[in-house]
Amino acid sequence: MNISLEMAVMAVIFFAALAAQGFYASRREKRLSARLHALAFRIEKAELDAERQRGVMGKIFAQREKDIETKIRQTGSDLKRVEMQMRSPEREASESVELAIQLARAGEKPEQIVRKTGLSADIIDTISALHAGRLRH
């Protein structure tokens, strides 16, 4: 009888230990599951924040790009205005006439010379008549 009593006690201890281990594993699983859900929530929140920030940054970059383009256009127009102020009308006219003569000698059509130099068609016709087909000596 001693053996069967010892076996019964050992069986009770074994099942008690097994139940305690199951209980501990169940609690551990619940804690890990809760932690996993909390981490999943934090990840989802971080993804939403990142998406919102990408939208905000995109708007900021688009606005800055517009601002830069505007400043480039303003600088270009300012530069043209300064160039025009630096050139005197006489110098501008003589440069245009010289260019028209070179283009006429190169065989450009009068319409193209008018477009490139800004001189009137009458002046270009005269220059073309005098200089067309001639090489500079």
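Computed from the coordinates by the stated procedures, all read-outs in this text should not be read as laboratory data. As the structure is a prediction and not an experimental result, all values here were calculated from the model. Cβ sites come from the backbone with ideal geometry, for glycine too, and all protein chains shown count toward neighbours.
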- Note on the structure: Per the C-alpha gyration tensor (a ≥ b ≥ c, the square roots of its eigenvalues), the range 2-129 is rounded if a/c is under 1.5, else prolate if a/b beats b/c, else oblate; here it's prolate
- Which ³J(HN,Hα) values, rounded to whole Hz and listed in residue order, are derived for the range 16-23 from phi using the Karplus coefficients 6.51, -1.76 and 1.60 in 6.51 cos²θ - 1.76 cosθ + 1.60 with θ = phi - 60°, glycine and proline given as x? 5, 5, 4, 5, 5, 5, x, 4
- Query: Near the amide H of residue 119, under 5 Å away, which other amide H atoms are found, from residues 5 or more places off or on another chain, if H is placed in the peptide plane?
  - Reply: none
- Once both label points are put 7 Å beyond Cα along the C-beta direction, the residue 50-residue 96 separation in nm becomes 6.1 nm
- Task: Just grab the label-to-label distance for residue 14 and residue 120, each label 7 Å out from Cα along the Cβ direction, in nm (one decimal).
- Result: 12.1 nm
- Query: Which lysines does residue 116 reach when only Cα atoms under 17 Å apart count, and residues fewer than 8 places away in its own chain are ignored?
  - Reply: 80
- Tell me the label-point distance for the pair residue 59, residue 26, using the 7 Å Cα-to-Cβ offset, in nm and rounded to one decimal. 5.2 nm
- To the nearest 0.05, how large is the calculated FRET efficiency for residue 68 and residue 41 if R₀ is 41 Å and r is the Cβ-Cβ distance? 0.50
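What is the calculated FRET efficiency for residue 109 to residue 79, with r their C-beta to C-beta distance and R₀ = 35 Å, to the nearest 0.05?
0.70
Using just the helices of the chain, give the 222 nm mean residue ellipticity in deg cm²/dmol: DSSP H runs with n ≥ 4 each add -39,500 (n - 2.57), and the total is spread over all residues, rounded to 500.
Computed ellipticity for the chain at 222 nm equals -32000 deg cm²/dmol.
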- When the Karplus curve 6.51 cos²θ - 1.76 cosθ + 1.60 is applied with θ = phi - 60°, which whole-Hz ³J(HN,Hα) does each residue of the range 47-54 get, with x for Gly and Pro? 5, 5, 4, 5, 5, 4, 5, 4
- Item | Cross-link partners of residue 45 among lysines (Cα-Cα below 26 Å; sequence separation of 8 or more within a chain) | 30, 59
